[in-house]
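Accompanying notes for the structure given below.
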Amino acid sequence: MVGGARYRVKGAVVRSYLKHLEKEKLLGRVVEQLSEEHAALLRTPPLVGTWVDAWALIETSRVVLAIGGPEAMKRMARETADTHSRYDFIRPFLLGVMRLFGVSPATLFSRLDDLAKTSVEGMAFRYTAKTATSGTIEVRYLIDKPIPAFCWMATTAVLENIFAICKIKGTVGEPRISQNSAVYDLSW
């Protein structure tokens, strides 16, 4: 761990993954390929506000990637981010930020580090504006455990969801990866 950070997510995130796997009829196939500890998390999902080890979702993404390829994994990341952003305890916060600071990707990207803390622990986000309609975002995992390369594809899909929330067409560039961090170019 870097500075004692743990990589954890709220149970609501796990439930978003579960909902997607059920919808895609992948749950049984995925669970049978997970470690017993991580399979148990999907069989008996935690309460939405409970913090749990996020590595289970990385393992879940690995299995979905193996079963359905990169597009299936990115679709899961995009849909789970969308589902999660609609939860009762997240949506008011998002809407409040947009009401106070405006509905633009820059508004959300510049506050993503704070927004993410409601759902994820052990990651950091730093947005740098380049123009009024472009910038970069650095995404860092604050743990010593190496992050699999496919996680950056999933992060791309999550960042794309911010454009959808703002109802703006945007582009997330290919990640420039360095150890447990990546920098993405953003434009809209």
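The values are calculated or read from the model by the stated rules, or taken from the named source; none is laboratory data. These figures come from a predicted structure and were not determined experimentally. Cβ placement follows ideal geometry from the backbone for every residue including glycine, while neighbour counts extend to all protein chains displayed.
Key figures
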item	result
Enumeration of residues in region 148-162 that are without any contact (Cβ under 8 Å) to a residue 60 or more places away in the chain and either in a loop (DSSP other than H, G, I, E, B) or at positive phi (or both)	Ala149
Selection from region 128-144 of residues that are among the β-branched types (Val, Ile, Thr) and under 16 Å from Thr155 (Cα atoms)	Thr136, Ile137, Val139
Counted residues, region 154-188 - those being surrounded by 19 or more Cβ atoms within 10 Å (Cβ to Cβ) and of a type in the set (Gly, Ala, Ser)	3
Filter pass, Arg86 being at pLDDT below 95 and more than 12 Å from the chain's Cα centre (by Cα)	yes
Qualifying position, being crowded, with 19+ Cβ neighbours inside 10 Å and touching a residue at least 24 places away in the same chain (Cβ under 8 Å), among Leu26, Leu41, Leu34	Leu41
Residue check for Ala129: of a type in the set (Gly, Ala, Ser) and modelled with pLDDT of 95 or more	yes
Pair list, Cβ < 9 Å and 6+ apart or interchain, from region 106-118 residues that are aliphatic (A, V, I, L, M) to residues that are in a loop (DSSP other than H, G, I, E, B) and at pLDDT below 90	Leu115/Ile90
Residues (of a type in the set (Lys, Arg) and either under 19 Å from Leu47 (Cα atoms) or touching a strand residue (DSSP E or B) at 6+ places or on another chain (Cβ under 9 Å) (or both)) located in region 16-35	Lys19
Close pairs (8 angstrom Cβ cut-off, 6 or more residues apart or separate chains): outside the structural domain of Lys74 (by TED's automatic domain parsing) and among the charged types (D, E, K, R) in region 163-176, outside any helix (DSSP H, G or I) and surrounded by 14 or more Cβ atoms within 10 Å (Cβ to Cβ) anywhere	Lys167/Val103; Lys169/Trp188; Glu174/Tyr184; Arg176/Ala182; Arg176/Val183; Arg176/Tyr184
